[in-house]
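These notes concern the structure reproduced below.
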Amino acid sequence: MPTASAPGKFILFGEHAVVYGKPAIALAIDLRTEVKAERSSSFKLDGKPMRENRSFYIREIIRRWKGGPVSMEIKAGVPPSSGLGSSAALTVSMLGALRSFNYPAERESIAREAFDVEYTVQGGASPTDTSTSTLGGAVYISEKKESNFRWEMCKNRRFWNVHSIDIPDMSFVVGVTGAHSSTKDMVDRVRRVVSRSPFGKDVIEDIGRIVVEGKRALENGDLVRIGELMKENHELLSLLGVSCEDIERLIRPIKDMVYGAKLTGAGGGGSVIALTDKPEKVREILEDRGECAYIVNIDKDGLIIK
Ligand code: PMV
């Protein structure tokens with residue numbers, strides 16, 4: 001019975017701007033989704049008929065699948081609609097499990113199909129989440145090919161070059177707001193800002209510059225600069241209208257004791273990340289206020305197929 005699992009992620013720098021071909025840096029985290037698949041007489045998910053399933057991602061994966069009826073079980077370990085790449089972890093692990101029926105699943109083609117699935121469901125996406133979930137570790141997306149290049153993705157004449165990069169040892173705390181947002185709605189919101197105003201386009205350019213500087217700060221192991229850039233990135237995302245009170249409520253009590261904190265992913269709720277050398281303390285401050293917080297470690301494996 002093929003079993004595949006894939007990690008969630010957070011975006012350290014560059015969400016939203018990456019949809020417009022700007023660079024981004026994302027880190028896979030040690031929260032995983034696992035999918036087990038077996039041949040069956042009808043399509044089933046967690047023991048129920050597949051048609052009762054409401055996930056657009058699963059429907060799209062099954063629409064593309066030509067291998068006959070399967071029964072699948074999902075163990076979802078990434079909090080849903082929280083900016084932590086739950087849909088990418090699900091898509092990558094499900095494709096990994098399904099493809100293993102026919103031939104040894106190959107990472108690049110799974111990352112490509114997973115990106116296609118997200119792009120179709122969301123009506124626009126970058127390959128950041130799906131490539132990071134597939135590769136694990138730290139992933140740098142850029143307009144140009146650089147060292148440790150893995151693959152290139154293209155949609156609508158826009159190109160993304162995906163690289164694996166080395167990062168220094170860092171501790172992160174993720175705060176989950178509990179407010180769910182749809183990535184599609186947030187991407188649409190930013191699209192309206194960018195298409196209507198030169199200001200929106202300037203913000204996207206500025207985010208792109210922060211990512212390039214952030215990559216340099218990571219190479220230098222300069223946690224202070226990384227934190228400053230996280231704050232700047234957050235301010236720019238706020239200007240695009242994707243922060244909200246749920247996010248600010250989590251950043252306020254910790255902002256003076258961390259290197260930097262920002263929203264991560266689509267925004268409008270979802271999660272906040274904080275770079276800190278006192279992760280237990282930061283988690284405690286958030287938990288004492290009734291918030292949900294995790295200390296996350298970087299996942300080095302990406303997609304695992306057994
Ligand atoms: O919130 P998430 O985990 O779906 O991340 C979305 C990241 C965006 O840059 C807003 C969209 C994308 O496809 O890159």
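Before moving on, here are some points about what is shown:
- Extension gain for K255-F199 works out to 17.5 nm (0.36 nm per residue, less the C-alpha to C-alpha distance).
- The portion of the accessible surface of the chain made up by carbon and sulfur, rounded to a whole percent, is 48 (1.4 Å probe; DNA, RNA and ligands excluded).
- Contact order, relative form, for region 171-297: 42 percent (alpha carbon pairs under 8 Å, 6 or more residues apart, mean separation divided by residue count).
- Rel. contact order, % - alpha carbon contacts under 8 angstrom, at least six apart, the chain: 25
- Shape call, the chain: gyration tensor on alpha carbons, a/c limit 1.5: prolate
- When only alpha carbons are used to place a centre, region 130-160 and region 56-104 end up 21 Å from one another.
- Counting only residues at least eight positions apart within a chain, or on another chain, the lysines with an alpha carbon under 30 Å from that of K145 are K9, K22, K155, K184, K201, K215, K231, K262, K300.
- Note on R64 and V224: with the Förster distance fixed at 45 Å, the Cβ-Cβ geometry gives a FRET efficiency of about 0.45.
- When the charge dipole of the chain is built from unit charges on Cβ atoms (+1 for Lys and Arg, -1 for Asp and Glu) and taken about the Cα centre, the candidate among G137, W151, L45 whose Cα reaches farthest toward its positive end is L45.
- The trypsin sites (Lys or Arg not before Pro) of region 141-210 that DSSP puts in a loop, and whose beta carbon has at most 16 other beta carbons within 10 Å, are K144, K145, R157.
- Take each peptide in 70-79, 258-267, count the other Cβ atoms within 10 Å of every residue, and average; sorted highest first, the result is 258-267, 70-79.
- Among Y103, Y140, the sequence by solvent-accessible area, most first, with a 1.4 Å probe is Y103, Y140.
- Against the chain, whose longest principal axis comes from its Cα atoms, helix 223-239 is set at around 80 degrees.
- Rounded to the nearest 10 degrees, the angle from helix 107-122 to the longest Cα principal axis of the chain is 80 degrees.
- Between the beta carbons of R39 and S109, assuming R0 = 25 Å, the FRET efficiency works out to 0.70 to the nearest 0.05.
- Accessible area of the chain divided out per residue, in Å², using a probe of 1.4 angstrom: 43
- Region 61-83 residues near the modelled N102 label - backbone nitrogen below 13 Å, point 7 Å along Cα→Cβ: 62-69
- For region 73-230, relative contact order (Cα pairs under 8 Å, six or more residues apart, normalised by length) works out to 18 percent.
- With respect to the chain, whose longest principal axis is taken over its alpha-carbon atoms, helix 86-99 is tilted by about 30°.
- Taking a ≥ b ≥ c as the square roots of the Cα gyration tensor eigenvalues, region 171-297 comes out oblate, since a/c reaches at least 1.5 and a/b does not exceed b/c.
- Burial ranking of peptide ranges 2-14, 54-66 (average Cβ count within 10 Å, highest at the top): 2-14, 54-66
- Reachable aspartates and glutamates, given that their alpha-carbon falls under 13 Å from the alpha-carbon of K36 and they are not under 8 places away in the same chain: D46, E73
The values are calculated or read from the model by the stated rules, or taken from the named source; none is laboratory data. As the structure is a computational prediction, the values presented were derived from the model and not from experiment. For neighbour counting, all protein chains shown are included, and Cβ atoms are generated from backbone atoms with ideal geometry for every residue, glycine included. Areas reflect the complete protein model, heavy atoms only, side chains present, ligands, DNA and RNA absent. Shrake-Rupley method; radii C 1.70, N 1.55, O 1.52, S 1.80 Å.
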